[in-house]
Amino acid sequence: MDYAKVNIDKPLIQRLMYPRHTVLVTCGGKDKRNIIAVGWSMPVSINPPMVAIGIHPRRYSYALIREMKEFVVNVPIVELKDVTLLCGKTSGREHDKFAETKLTPTPGMTVASSAIKECVASLECKLASEIVAGDHTLFIGEVTAAYCTDGSYDRKYALGLLPLLYHVGGNEFVTCNRQVV
Ligand SMILES: Cc1cc2nc3c(=O)[nH]c(=O)nc-3n(C[C@H](O)[C@H](O)[C@H](O)COP(=O)(O)O)c2cc1C
């Protein structure tokens, strides 16, 4: 490969950091429960365990997370690609996404919001702080409970069994279940 570089236009710069591990964030407590697809998430602290998600202020979920001061990060596998797209293209202002996706809400152990049964793992978070970062806001949550499907995880995911979902852009996703030797 030749290492000559070309410049990338501003709106596409963030795509240089794709594909992104995509999660389904649930929020809104019991009464206004909602699901949003999120590609911009990351762990930010080991002890205490904390995670951050980048959410645009126009999202309904933005208002719900600020109101309830909690959210749940749920980890889907490739079989959930279509419902992930639905959660990323419709707003909870007009859609009951649990009803439309037929995903099963399970009661939070430490938060009022539901987790998603069909996801391989869930991290319940209490909002610890928020940072405005350009046109998105980083919500940083302290993890108050975390659980995963039995057999899916032993210090690391069993990726051969459970291919996780990575967003490439638009409607495209890839997975990663091949070990690099
Ligand atoms: C794969 C995928 C990843 C997304 N990642 C994010 C993200 O990280 N942050 C964000 O604010 N919106 C993201 N979106 C867009 C929201 O999911 C979308 O605007 C959604 O309809 C908002 O729902 P809500 O209004 O119910 O909160 C993503 C969409 C898709 C399809």
Problem - Equivalent ellipsoid semi-axes - Cα gyration tensor, region 1-140, angstrom - result: 26, 18, 15
Fill in the blank from the handout: Kirkwood radius from Cα pairs of region 71-146 plugged into Stokes-Einstein at 37 °C, 0.692 mPa s, gives D in µm²/s equal to 241 µm²/s
Handout entry: Mean Cβ count within 10 Å, highest first, over the residues of peptides 33-41, 94-102
Key = 33-41, 94-102
Completion exercise
In whole percent, the fraction of accessible protein surface over region 17-174 that belongs to carbon or sulfur atoms, probe radius 1.4 Å, stands at 56 percent
Practice task
Could you rank 50, 42, 1 by how accessible they are, 1.4 Å probe, largest area first?
Solution key: 1, 42, 50
Exercise for the section: Keeping all protein chains in place, calculate the accessible area per residue for the chain (probe 1.4 angstrom), answer in Å². Expected result: 60 Å²
Completion exercise
Computed for region 17-174: size of charge dipole around the Cα centre, +1 on C-beta of each Lys and Arg, -1 on C-beta of each Asp and Glu, debye to nearest 20, value 160 debye
Problem - Whole-number percent relative contact order across the chain, with pairs defined as alpha carbons under 8 Å at least 6 apart - result: 25 percent
Practice task
Report, to two decimal places, the Cα Rg of region 110-181 normalised by 2.2 N^0.38 Å (N = number of residues).
Solution key: 1.39
Fill in the blank from the handout: Any lysines whose Cα falls less than 29 Å from that of residue 89, other than same-chain ones fewer than 8 residues away, would be 10, 30, 32, 69, 81, 97, 102, 117, 126
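The values are calculated or read from the model by the stated rules, or taken from the named source; none is laboratory data. Bear in mind the structure is a predicted one, so any value in this text is a computation, not a measurement. Positions of Cβ are backbone-derived with ideal geometry, glycine not excepted, and every protein chain shown enters the neighbour counts. Areas reflect the complete protein model, heavy atoms only, side chains present, ligands, DNA and RNA absent. Shrake-Rupley method; radii C 1.70, N 1.55, O 1.52, S 1.80 Å.
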